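The values are calculated or read from the model by the stated rules, or taken from the named source; none is laboratory data. Keep in mind the model is a prediction, meaning the values are calculated, not measured. FYI the Cβ positions are ideal-geometry reconstructions off the backbone, even for glycines, and counts take in every protein chain you see.
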Amino acid sequence: MRWLVYAFLVILLVSCSSPTPQTPAETSTPDAKATLIASPPTFEITFDGNNCIVDGPDEITAGEHLFVLHDLSDLSAYHVVQRMFSDHSFEEEKKWVEENCGPPGSHCAKDSGRVAGYQEKKQVYDEDGDLYKLIDLTFEVEHAIWVGNPKMEWWPCGSFQVVAAP
């Protein structure tokens, strides 16, 4: 009887333990990863360690969009998408970052308080190290793309406008 109680406790502990941080479950399957990588991106970002180039439209409709980062640097770069609050623009945000943190590529752990980021719905790396992020853009305002690295160094890449679907 005692072994039955211990077995129950072990099963309870295993089933209630919190999972370790990892890529969201829907992106961890080979089929989901292959589907995402095969999808045409809305935006492609190329980063060489000093500059980034964005290939994408100036205006898109609200909804899910795929952003792909081609990191040609050795900085372990990643990209983020931020929405600008209605009283703030990407140009103003770049100026704020430069005044408070320094030129592009400077360490910046500060926040202007006038932007908000998005949590990606899916995120995967392909075999070349390119980072794919599927993001559901819901706010009809100006958005910005930034490239950063684990040292909290940031590079402004570009902006685009999200509009209502026709």
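For TYR118, the test of being among the hydroxyl-bearing types (Ser, Thr, Tyr), on the phi < 0 side of the Ramachandran plot and at pLDDT 95 or above is failed. Might you let me know whether the range 85-101 holds any residue that is in contact (Cβ under 8 Å) with a residue 24 or more places away in the chain and either at positive phi or in contact with a helix residue (DSSP H, G or I) (Cβ under 7 Å, 6 or more places away or on another chain) (or both)? Checking the range 85-101: not a single residue is in contact (Cβ under 8 Å) with a residue 24 or more places away in the chain and either at positive phi or in contact with a helix residue (DSSP H, G or I) (Cβ under 7 Å, 6 or more places away or on another chain) (or both). Selection over the range 31-45 of residues that are within 20 Å of GLN161 (Cα to Cα) and surrounded by fewer than 19 Cβ atoms within 10 Å (Cβ to Cβ) gives a count of 2. Looking at the structure I just gave you, is GLN82 out of contact with any Lys or Arg (no Cβ under 8 Å at 6 or more places or on another chain), part of a strand (DSSP E or B) and surrounded by fewer than 17 Cβ atoms within 10 Å (Cβ to Cβ)? Answer is no for this residue.
From the list GLY105, GLY113, the lone residue that is modelled with pLDDT of 90 or more, at positive phi and not aliphatic (A, V, I, L, M) is GLY105.
Screening CYS108 against (1) more than 21 Å from GLY63 (Cβ to Cβ); (2) surrounded by fewer than 14 Cβ atoms within 10 Å (Cβ to Cβ) leaves a single unmet condition, (2). If you go through the range 104-135 and pick out every residue that is of a type in the set (A, V, I, L, M, F, W, C), under 23 Å from ASP87 (Cβ atoms) and not in a strand (DSSP E or B), you end up with 1. Looking at VAL54, VAL97, just one residue is surrounded by 11 or more Cβ atoms within 10 Å (Cβ to Cβ), in a strand (DSSP E or B) and either at pLDDT 90 or above or of a type in the set (Phe, Trp, Tyr) (or both), and that residue is VAL54. Do the conditions hold for LYS151, that is, is it of a type in the set (Lys, Arg) and outside any loop (DSSP other than H, G, I, E, B)? Criteria not met by LYS151. In the range 136-146, of all residues being assigned to a strand (DSSP E or B) and either free of Cβ contacts under 8 Å to residues at least 60 places away in the same chain or acidic (Asp, Glu) (or both), the one that is farthest from HIS79 (Cα to Cα) corresponds to GLU142. Scanning the range 113-127 for residues that are surrounded by 15 or more Cβ atoms within 10 Å (Cβ to Cβ) and either more than 26 Å from ALA32 (Cβ to Cβ) or of a type in the set (Val, Ile, Thr) (or both) yields ARG114, VAL115, VAL124. Candidates ASP87, ASP74, ASP31: the one that is modelled with pLDDT of 75 or more, assigned to a loop (DSSP other than H, G, I, E, B) and more than 17 Å from ALA144 (Cβ to Cβ) is ASP74.
With respect to GLU91, determine if the residue is in contact with a strand residue (DSSP E or B) (Cβ under 6 Å, 6 or more places away or on another chain) and exposed (fewer than 14 other Cβ atoms within 10 Å of the Cβ). For GLU91, the condition - in contact with a strand residue (DSSP E or B) (Cβ under 6 Å, 6 or more places away or on another chain) and exposed (fewer than 14 other Cβ atoms within 10 Å of the Cβ) - is not met. Pairs linking a residue in the range 32-49 that is closer than 19 Å to SER159 by Cα and in contact (Cβ under 8 Å) with a residue 24 or more places away in the chain to a residue that is buried (at least 19 other Cβ atoms within 10 Å of the Cβ) and of a type in the set (D, E, K, R), with Cβ atoms under 7 Å and 6 or more positions apart or on different chains, are PHE47/ASP71.
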